[in-house]
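To start, the structure itself, in structure tokens.
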Amino acid sequence: MMSRMFPAPSVLAVLAFVSAPVGAQKFDLTGTWKSNTMAEVYRFRQIDNHFYWMVDGIPTRGYSNLFIGLISGTTITGYWVDLPGSPTMNTVTSTLVLKIESNDRVVKVSESARLYNGSVWTRIADPGPTTTTATTNSSGSPTPAGTPPTGSTTTAPGSSTSTSSTGAVYGGVRKWDYRDVGTEYGDSIGRIIRFTCERDSLPVEWRATYGRGVYTGDSGLCQSAVHAGVITRQGGDVTVEIMPGQNSYEGPSTQNGVLGQSYGKWGVSFRFVTSSAQHDVSSPPPVRNSGTVYTGSFGWESPIPPDLRKIGTRVQFNCPPGGRFLGYVWGTGVYTGDSYPCSAAVHSGVINFERGGTITVEIRPGQNSYQGSARNGVNSGNFSEYSVSFAVVK
């Protein structure tokens with residue numbers, strides 16, 4: 001039990017405020033609602049001009065909060081607070097001013113002290129009690145309640161889901177506020193899934209991207225694709241790889257007009273493997289060669305240039321200090337030819353992100369498959385046949 005939720009003077013002010021008599025309201029907001037940034041259910045309660053909500057996202061997202069406010073006309077003014085179990089706890093009183101647009105829609109007008117990500121709330125049918133039976137996925141991480149069993153796929157309303165003979169899944173057309181990749185596919189680590197994002201039609205700026213390169217499983221799919229540079233706000237096809245959860249997600253970073261926020265531990269991740277991130281399977285077939293090529297300093301965000309992917313060649317790189325994992329590593333020990341070599345070297349235990357160092361990779365023939373794993377802070381992915389490989393030899 002928390003010893004205090006607000007500073008003492010604020011509690012007195014709130015109690016005096018919400019006790020003030022006002023006329024009967026024309027709205028009845030009591031019911032179940034959903035925000036534009038969360039998959040969890042909000043429980044709204046209205047008693048005369050007093051308004052409350054509670055949301056418990058701990059089973060699926062990691063936080064819970066409570067809001068207490070007063071309705072005056074079409075305006076709700078009040079305070080919100082994080083509850084125990086949340087990964088962060090606000091230490092100052094955080095206010096929200098909301099506007100009631102209808103009996104089924106509420107929007108955020110302003111806030112102070114701390115950002116609240118939600119900005120639009122709409123009424124939904126009551127989904128009933130939430131089941132939180134614990135399961136584990138193939139990574140050993142907790143699987144969010146409601147995740148389909150292994151081998152299943154989930155079809156979004158108005159879309160179709162199909163599976164090819166190689167195991168690739170088409171997840172269907174998704175609206176801009178879709179953020180359930182982890183919930184739907186969290187038990188399918190390594191699975192490659194293609195979606196079609198509709199055009200961004202949300203009336204307000206939406207903040208639901210957590211991470212950079214690798215994103216939390218509940219990040220907004222389409223918005224994160226813009227952040228990653230895969231599509232624009234006009235929408236389009238995106239392909240993601242489902243990955244194990246991470247202890248932390250990099251942020252903040254603003255890319256392509258989208259803010260990618262930092263986040264703590266989360267059970268499922270995804271990354272994009274389309275556009276510039278897609279395997280360059282159309283590159284010319286490798287040829288055999290010998291000798292060592294020294295390329296000098298090499299970025300953490302760069303693959304081996306295609307003209308150096310000659311079987312038998314050893315390529316030496318200098319990975320600078322202060323690197324970070326941005327995804328794009330497939331395999332364990334032997335990696336796809338387009339994997340990022342500096343991150344693969346960390347995965348192999350040859351160098352680390354903090355100090356960097358000089359590495360040598362050997363170009364090898366392609367393989368029929370590549371098995372991913374989590375090592376040294378790098379989560380490498382599975383992949384099927386690829387024309388050329390490399391191994392970090394020192």
Top-ranked residue in the range 71-92 [being buried (at least 16 other Cβ atoms within 10 Å of the Cβ), at pLDDT 75 or above and of a type in the set (Ser, Thr, Tyr); ranked as farthest from ASN49 (Cα to Cα)]: TYR79
Criterion violated by LYS310 - all others in (1) modelled with pLDDT under 90; (2) within 22 Å of PHE272 (Cα to Cα) satisfied: (2)
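State yes or no: is THR183 at pLDDT 90 or above and in contact with a strand residue (DSSP E or B) (Cβ under 9 Å, 6 or more places away or on another chain)?
Numbers: at pLDDT 90 or above: no; in contact with a strand residue (DSSP E or B) (Cβ under 9 Å, 6 or more places away or on another chain): yes.
No; evaluated as a whole, the condition is false for this residue.
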Any hit, the range 367-374, residues being surrounded by 19 or more Cβ atoms within 10 Å (Cβ to Cβ) and within 19 Å of PRO305 (Cα to Cα): no
Among residues of the range 357-382, those that are among the hydroxyl-bearing types (Ser, Thr, Tyr), over 19 Å from the mean Cα position of the chain (by Cα) and not in a strand (DSSP E or B), counted: 2
Cross-chain or 6+ apart pairs with Cβ under 6 Å, the range 169-197 first and closer than 17 Å to GLY235 by Cα, then part of a strand (DSSP E or B) and among the hydroxyl-bearing types (Ser, Thr, Tyr): TYR170/SER162; VAL173/THR196; ARG194/TYR170; ARG194/THR239
Subset of the range 326-346 (residues that are assigned to a loop (DSSP other than H, G, I, E, B) and over 24 Å from the mean Cα position of the chain (by Cα)): GLY333, GLY337
Segments classed as strands (runs of 3 or more DSSP E), wholly inside the range 170-266, with at least 1 members that are within 30 Å of MET89 (Cβ to Cβ): 214-216, 236-246, 253-255, 258-260
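Which of the following residues is within 17 Å of VAL378 (Cα to Cα), surrounded by 14 or more Cβ atoms within 10 Å (Cβ to Cβ), in contact with a strand residue (DSSP E or B) (Cβ under 7 Å, 6 or more places away or on another chain) and modelled with pLDDT under 80: VAL293, VAL273, VAL268? It would help to see each step written out before you state the result.
Details: VAL293 fails: within 17 Å of VAL378 (Cα to Cα); VAL268 fails: modelled with pLDDT under 80.
Residue meeting the stated conditions: VAL273.
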Where SER119 falls short, out of the listed (1) in contact with a Ser or Thr (Cβ under 6 Å, 6 or more places away or on another chain); (2) surrounded by 15 or more Cβ atoms within 10 Å (Cβ to Cβ); (3) modelled with pLDDT of 70 or more; (4) not acidic (Asp, Glu): (1)
Subset tally (residues that are of a type in the set (D, E, K, R), in a loop (DSSP other than H, G, I, E, B) and more than 17 Å from SER387 (Cβ to Cβ)) for the range 297-325: 2
Tally, over the range 303-317, of residues that are over 33 Å from the mean Cα position of the chain (by Cα) and of a type in the set (A, V, I, L, M, F, W, C): 3
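The values are calculated or read from the model by the stated rules, or taken from the named source; none is laboratory data. For clarity, every value in this text was computed on a predicted model and none was experimentally measured. Here the Cβ is made from the backbone with ideal geometry for all residues, glycine too, and neighbour counts use every protein chain on show.
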